[in-house]
1. Residue-wise, which Karplus ³J(HN,Hα) couplings in Hz belong to the stretch 76-92, taking 6.51 cos²θ - 1.76 cosθ + 1.60, θ = phi - 60°, and x for glycine or proline?
2. Express the accessible area of the chain per residue in Å², computed with a 1.4 Å probe while the remaining protein chains stay in the model.
3. Determine the gain in length on full extension of the stretch residue 157-residue 122; use 0.36 nm per residue of separation and subtract their C-alpha separation, reporting nm with one decimal.
4. Can you tell me how the chain classifies by the Cα gyration tensor, rounded, prolate or oblate, using a/c under 1.5 as the rounded cut?
5. What pairs from 48/114; 8/90; 119/146; 48/68 go past 23 Å between their alpha carbons?
6. Each residue of the stretch 133-139 in order: what ³J(HN,Hα) in whole Hz does its phi give by Karplus 6.51 cos²θ - 1.76 cosθ + 1.60, θ = phi - 60°, with x for Gly and Pro?
7. Roughly to the nearest percent, how much of the accessible area of the chain is carbon and sulfur, given a 1.4 Å probe?
8. For residue 84, what is the net charge nearby, where nearby means another residue's Cβ is under 11 Å from its Cβ and Lys, Arg count +1, Asp, Glu -1?
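The values are calculated or read from the model by the stated rules, or taken from the named source; none is laboratory data. Everything quoted here is computed from the prediction, not taken from an experiment. Cβ placement follows ideal geometry from the backbone for every residue including glycine, while neighbour counts extend to all protein chains displayed. The protein model used for the area step is the full one, side chains on, heavy atoms only, and it has no ligands, DNA or RNA in it. Shrake-Rupley method; radii C 1.70, N 1.55, O 1.52, S 1.80 Å.
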Amino acid sequence: MIKTTYLKIEKDKFFAPVRFPEQTKLLTTVPAVNPGACASLYKEVGRKHYWDIYRMAWTSKDWDIYLKDSRIDITFLCNDNRAVGYLELKKHDTNIEIVNFGLKPDCIGKGLGKIALEKALSHGFSFGANEIWLHTCTLDHPAALKVYYARGFEFTKETVDNFIPLDPSPASAMLLT
């Protein structure tokens with residue numbers, strides 16, 4: 001069984017990254033433009049949490065189509081010009097969804113998670129969103145929920161499933177529309 005918790009944070013509850021002002025300068029955001037590099041970082045960051053299951057059938061063309069979708073913003077979180085994290089946002093009217101967010105395995109446990117979350121929220125709110133929401137599940141890092149609550153996210157709902165739904169291939173999804 002997989003328990004998924006949905007959370008949100010409103011713009012008025014997000015105060016610019018004041019918690020770690022010096023440390024947030026350690027991370028920069030770099031837009032993902034290369035489908036291969038994007039797929040590779042997605043797989044590396046999400047492997048332990050089974051992200052790759054969602055998009056296991058995606059081709060390079062699927063990644064290219066997805067990166068060109070105007071609602072999607074994929075950013076690499078970098079430290080000293082080295083990608084250390086993956087951030088995938090999806091725009092919904094006046095809200096932003098954090099679709100995927102995480103650090104490379106060798107960067108976990110070094111205090112970068114909270115800093116990366118500050119960067120992710122700053123980046124998301126820079127689009128003019130009123131709210132950012134996400135979902136985290138029992139497959140994610142055990143500290144994820146605690147970190148989100150500590151940052152001010154609020155609970156919205158919880159679901160329990162006994163399967164993992166796959167993301168449709170962007171190329172095949174286009175054929176259905």
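1. 8, 8, 10, 10, 6, 6, 10, 5, 10, x, 10, 9, 10, 10, 10, 7, 10
2. Numbers: 9800 Å² over 177 residues.
On a per-residue basis, 55 Å².
3. Working: separation 35, 0.36 × 35 = 12.60 nm, distance 2.39 nm.
Working it through step by step, the gained length comes to 10.2 nm.
4. Values: a/c = 1.38, a/b = 1.23, b/c = 1.12.
Rounded shape, in that the Cα axes give a/c under 1.5.
5. Numbers: 48/114 19 Å; 8/90 14 Å; 119/146 18 Å; 48/68 27 Å.
Pairs exceeding 23 Å: 48/68.
6. 10, 7, 9, 10, 9, 5, 7
7. In the chain, the share of accessible area belonging to carbon and sulfur is 56 percent.
8. Working: positive: 82, 104, 110, 119; negative: 44, 80, 106.
Combined, the nearby Lys, Arg, Asp and Glu give +1.
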